[in-house]
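A short write-up of the structure that comes next.
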Amino acid sequence: MTWVGLIIALAGALGYALGAALQQYEAVAEGASFRLIKRRRWWIGGIIGFTGACLHAVALSFAPLVAVQPISVATLVFAVPLAAFMYGRKPYKAEIFGSIAVAVGLLWLMLLVPRHNVIPRLSDGAAVGFLAVIAVITLVTHFMAKRVHGPNRALLMAVGAGAVTASVSTFVRVVGGGMQGDWGRLMHWFTIAIPVLLVCAVVLLQRSYAVGYFGIAYAGVQVVDPITSVLAGAILLGEPLPTSPSTAIPALLASALTIAGTITLGRLAPDHSHPTTLPPTPARHPVPATSEAN
C-alpha cells in the first residue's frame, strides 16, 4: 500500500504547487491581508491547494512520513516555473537551477532514510511538547522576520510556515495511520488540532508569499516541512532514521546541494504583479493672459 500512498502524494503535491503559485500572485498584489478573500484567483488557488493537502493527508494514511514527505519536494521544479508564468515571463536560469538543486538535494537526503511502515502512536504529553517546540520556532522566526527585508524576510517567514505545516503532517499521520479501521479514534483532540494548525500555516504562507520572493519562500517551506516531519516521525513516532556510517558522506553532499540551491533562489529579484507607476505630474495652471495697452 506504500506505492498507493506515494502516487496519491504526487498528485496532491502537484495540486499544492499550482495552488501556491496562484495564491502567491495575489498575495503580492494585495499583501497578506483580508483583501485576499475578495480575489477570485486567490480562492481558486486555495481550493486547488486544499485539494492537494487533502490528497497528501490521504497518502499519509497509506505510507509513513519518511516516504510521503519527500514527494512534495519534487514539485518545487514545477511550482517556480508556474509562478513565473503567472507574471508573464520565462523562468530565470537561476530559478531553474536553484529549484532543481534544492529538489535533487532534498530528495537525495530523504532517500537515505530507511522505509519501514510502523503504526504511529503519540502520547498527549509528547504532542503538547512537540507543539510547544513548533510554537517557539514560529515565534522566533516571525520576530526575526520583522527586522529584516527582502529574501531573508521571505525565508524566515517560510521557515515558520514550514514548521507549522510539518506539525499538520505529523498529526495527520498519527490520526490517519493510527485509525486501523476504528473510526472512533477520530474522537481525539489531535483531530481538532489539525484544522487549527492548517489555518496558522496558511496565514504564515501568505505572509511569506507577499514579500515577493516565491522561489525562496516555496523552497524554504519545502525544505523545512519534510525535514521537520522526518525528525518528528523518528523522534515521536518511532520511524527509523539512517544509522549506517556509509550514509554520512552522501548526506553531507545532499545537504550542500540543497543549501546551494536555496542560496541561489534567495539572490533572485522579487516579482511584482503590477508595474511601478510613476508619480502624477503636477498640473500646470494656465497663465493669465496679459493685456497690451498702447
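FYI, it's all coordinate maths here, none of it is from the lab. Because the structure is predicted, anything quoted here is derived from the model rather than measured. Neighbour counts are summed over all protein chains in view; Cβ atoms, including those assigned to glycine, are modelled from backbone coordinates with ideal geometry.
So how far apart, in nm, are the two label points at ILE263 and TRP3 if each is 7 Å from Cα heading toward Cβ? Computed distance between label sites ILE263 and TRP3 equals 4.1 nm. A simple count of charges around PHE143, restricted to other residues whose Cβ falls under 15 Å of its Cβ and scoring Lys, Arg +1 and Asp, Glu -1, yields +4. Between VAL148 and TYR87, the simple label model (points 7 Å from Cα in the Cβ direction) yields a spacing of 2.0 nm. Computed from the C-beta positions of THR191 and ILE44, the FRET efficiency with R₀ = 25 Å rounds to 0.35. Using a simple spin-label model with pseudo-atoms 7 Å out from Cα toward Cβ, LEU111 and ALA11 lie 2.5 nm apart.
Only one residue of ALA9, TRP43, LEU156 has its Cα farthest out toward the positive end of the dipole of region 2-266, where Lys and Arg carry +1 and Asp and Glu -1 on Cβ, and that residue is TRP43. Excluding same-chain neighbours fewer than eight residues apart, the lysines reachable from LYS38 by a Cα-Cα span under 28 Å are LYS146. Working note: Debye formula, equal point scatterers on the alpha-carbon atoms of region 27-156, no solvent; log10 I(q)/I(0) at q = 0.10, 0.11, 0.22 Å⁻¹ is -0.50, -0.61, -1.39. Taking the charge dipole of region 2-266 about its Cα centre, with +1 at Lys and Arg Cβ atoms and -1 at Asp and Glu Cβ atoms, the residue from LEU107, VAL230, ALA83 reaching farthest to the positive side is ALA83. Across all Cα atoms of region 2-266, the radius of gyration (one decimal) and Dmax (whole number) stand at 17.5, 54 Å.
Other residues with beta-carbon under 12 Å from the beta-carbon of SER167 carry, at +1 per Lys or Arg and -1 per Asp or Glu, a net charge of 0.
What does the net charge come to around SER33 if you take all other residues with beta carbon closer than 12 Å to its beta carbon, with K and R at +1 and D and E at -1?
Here the charged neighbours net out to +2.
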